[in-house]
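Below is one structure, written out as structure tokens; the observations come after it.
Bear in mind these aren't lab numbers, they're just calculated from the coordinates by the rules spelled out. Only a predicted model underlies this, so the values are computations on that prediction, with no experimental measurement involved. Using ideal geometry, Cβ is built from the backbone for each residue, glycine included, and neighbour counts are taken over all protein chains shown.
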Amino acid sequence: MSAWIDMVPDEEATGRLKELLDKARTPHGTVDTVMRVHSLRPETMNGHVTLYRSVLHSKDNVLPFWFLEVVASYTSILNDCTYSLTHHFMNVRNLIQDQPRSDRIFLALKAQRPEDEFEGKELALLRYAAKLTTDVGKLIKSDFEALKIVGCSDGEILEVNQVCAYFNYSNRLLNGLGATTDNDVIGYYKGGENDS
């Protein structure tokens, strides 16, 4: 666990900070750097945990979980956020459980050529996430309508919008504070399930 900013270790945490660190714990019982960087202002950690879980781990989501992790990874690639990419592409690998396919997806995303591995609705959603990340001021109604034409529901568009928007926030938090994955446990999925 490392970052440029001071972080309060578990043994020094008391009161509200201790309560929120416990809320932010992974299934492994650890607190990843992405949450611990908030330790000097614990209420931002509280907001972050709540937002993260509501966006990526909502039982109301209808898009496949592995695909939402692909959106998270692509957003992180476009933002050059190694921290989020390391965590979330490992989740893609663990959820897909097909090494050659996940390798091809990774190479396509790194090359910013999602069309090499995706088509139809998934490709359109990845292109939308890319524009939302790199050229948000140029999004226009026809970008949204193009998603509808290929069969995306408004709810599916919202899911991708929120995952992408969350990772744009998180990538800036992590890169801006110099967070690394040192001592984080990478990849939580066992049998395709995760509740963190």
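Residues whose amide H comes within less than 5 Å of that of Ser2, counting only those at least five positions distant or on another chain, are Thr180, Asp182 (H built at 1.01 Å from N in the peptide plane). Exposure proxy shown here: for Tyr83, Tyr52, Tyr169, the number of other Cβ atoms within 10 Å sets the order, fewest to most, as Tyr169, Tyr52, Tyr83. Look at the dipole of segment 72-178 built from charges on Cβ: of Leu173, Ser102, His88, the Cα furthest out on the positive end belongs to Leu173.
Under the rule a/c < 1.5 gives rounded, and otherwise a/b versus b/c splits prolate from oblate, where does segment 40-92 land using the Cα gyration tensor? It comes out oblate by the Cα gyration axes. The residues neighbouring Cys152, those whose beta-carbon lies less than 13 Å from its own, together hold a net charge of -3 under the Lys/Arg +1, Asp/Glu -1 convention. Sequence-ordered 3J(HN,Hα) estimates for segment 12-29 from the Karplus curve with 6.51, -1.76 and 1.60 and θ = phi - 60° stand at 9, 7, 9, x, 4, 4, 4, 4, 6, 4, 5, 5, 8, 5, 7, x, 8, x Hz, glycine and proline given as x. Going by neighbour counts of Cβ atoms within 10 Å, the residues Val8, Val37, Val71 line up, fewest first, as Val8, Val37, Val71. Remark on segment 1-139: Rg and Dmax equal 16.9, 51 Å (Cα only).
Projected onto their three principal axes, the Cα atoms of segment 65-176 cover extents of 35, 33, 23 Å, largest first. Among Gly29, Gly47, Gly15, the largest mean-square fluctuation in a Gaussian network model of the chain (Cα springs under 10 Å) belongs to Gly15. Counting neighbouring Cβ atoms within 10 Å and putting the fewest first, the residues Thr50, Thr26 line up as Thr50, Thr26. Each Lys or Arg adds one and each Asp or Glu takes one away; over the other residues whose Cβ falls under 11 Å from the Cβ of Asp10, this sums to 0. Say the cut-off is 20 Å between C-alpha atoms; which of Lys110/Lys131; Lys59/Lys138; Lys110/Lys141 go over it? Beyond 20 Å: Lys59/Lys138; Lys110/Lys141.
Note on the chain: helix-only mean residue ellipticity at 222 nm, from DSSP H runs of 4+ residues weighted -39500 (n - 2.57) and normalised by residue number, equals -18500 deg cm²/dmol.
Relative to one another, the C-alpha centroids of segment 57-106 and segment 114-183 are positioned 12 Å apart.
What does the convex hull of the alpha-carbon atoms of segment 13-56 project to on average, in nm²? Spelled out: convex hull of the Cα atoms, projected over all directions, averaged, 2.9 nm². The phi-based Karplus calculation (6.51 cos²θ - 1.76 cosθ + 1.60; θ = phi - 60°) puts the 3J(HN,Hα) values of segment 54-64 at 6, 7, 9, 10, 6, 6, 7, 4, 10, 5, x Hz, whole numbers, x for Gly and Pro.
Nearest 10 degrees, 0 to 90: what angle lies between the long axis of helix 154-176 and the longest principal axis of the chain (Cα atoms)? Tilt of helix 154-176: around 50 degrees.
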